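Data block below; observations after.
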Amino acid sequence: MTYNSQIISIVTFVYGLAGVLYLAAWLFRKESLGKLATWVTWAAWLGNTAGILLRWYESYQIGEGYGHAPLSNLFESLVFFAWITGILYLVIEHRYKNRVIGAFAMPLACLALAYASLGTGNQIQPLIPALKSNWLIAHVITCFIGYGAFAVAFGISIMYLIKRGRDADTGTGIIARLPAARLMDELNHQLIMFGFLFL
């Protein structure tokens, strides 16, 4: 197992911990847990960044023909997907000052990395001839920005369905602590437009 794979394995659990903390902050109405969840998410995202950069560096250390941006196989794509999902969520949290969305977005990043860690071919391989192009980086980055936006929109859609299913714009229960349905609808629309643009 390479160092980048070890980092990614750890980051999987950190994203999972962030999701649990966001969920606990929502259920128990604890602002301190929400703040801790944000810091844990930042730690996971920075670890994710370190894993991507280390894999890129390690690919150049293997030898001629191996060095390339880590975006060429399923493992690398899932790691990058989790990275994009994490940063998009953090931007939305900062912009809308709502941490409940993290309870639905961070598990997606955790699941992507968990699947990547389950043996999706995490060995660094040389690029096949069809992928030896500068368009590889542009293509994968733009597509995965779209996928990340769709992932966060998916989490918000689940929240929206829960909220509208209970018709709980008023009240004091945990459903009432979700963002207003109109805000979730607008945010979902913006994320889908953003994702579609990059896709």
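The values are calculated or read from the model by the stated rules, or taken from the named source; none is laboratory data. These numbers were taken from a predicted model, which means no experiment stands behind them. Cβ placement follows ideal geometry from the backbone for every residue including glycine, while neighbour counts extend to all protein chains displayed. Accessible surface areas use protein heavy atoms only, side chains included; no ligands, DNA or RNA. Shrake-Rupley method; radii C 1.70, N 1.55, O 1.52, S 1.80 Å.
Just a few scattered comments:
- Condition met for LEU71 (within 26 Å of GLY195 (Cβ to Cβ), under 17 Å from the mean Cα position of the chain (by Cα) and surrounded by fewer than 19 Cβ atoms within 10 Å (Cβ to Cβ)): no
- Long-range neighbours under 8 Å by Cβ, at least six apart or interchain, first residue open to solvent by 100 Å² or more (accessible area, probe 1.4 Å) within region 24-35, second outside any helix (DSSP H, G or I): ARG29/ARG177
- The numbered conditions (1) within 30 Å of HIS68 (Cα to Cα); (2) surrounded by 19 or more Cβ atoms within 10 Å (Cβ to Cβ); (3) at pLDDT 90 or above are all true for THR142 except (2).
- Index of the failed condition, THR85 passing every other in (1) polar (S, T, N, Q); (2) modelled with pLDDT under 90; (3) within 12 Å of the chain's Cα centre (by Cα): (2)
- First in region 128-156 and touching a residue at least 24 places away in the same chain (Cβ under 8 Å), second anywhere and in a helix (DSSP H, G or I) and of a type in the set (Asp, Glu), Cβ under 9 Å, 6 or more apart: VAL140/GLU76; ILE156/ASP185
- Within region 168-181, none of the residues are modelled with pLDDT of 90 or more, out of contact with any Pro (no Cβ under 7 Å at 6 or more places or on another chain) and of a type in the set (Ser, Thr, Tyr).
- Scanning region 118-139 for residues that are assigned to a helix (DSSP H, G or I) and either of a type in the set (A, V, I, L, M) or crowded, with 20+ Cβ neighbours inside 10 Å (or both) yields ALA130, LEU131, LEU136, ILE137, ALA138.
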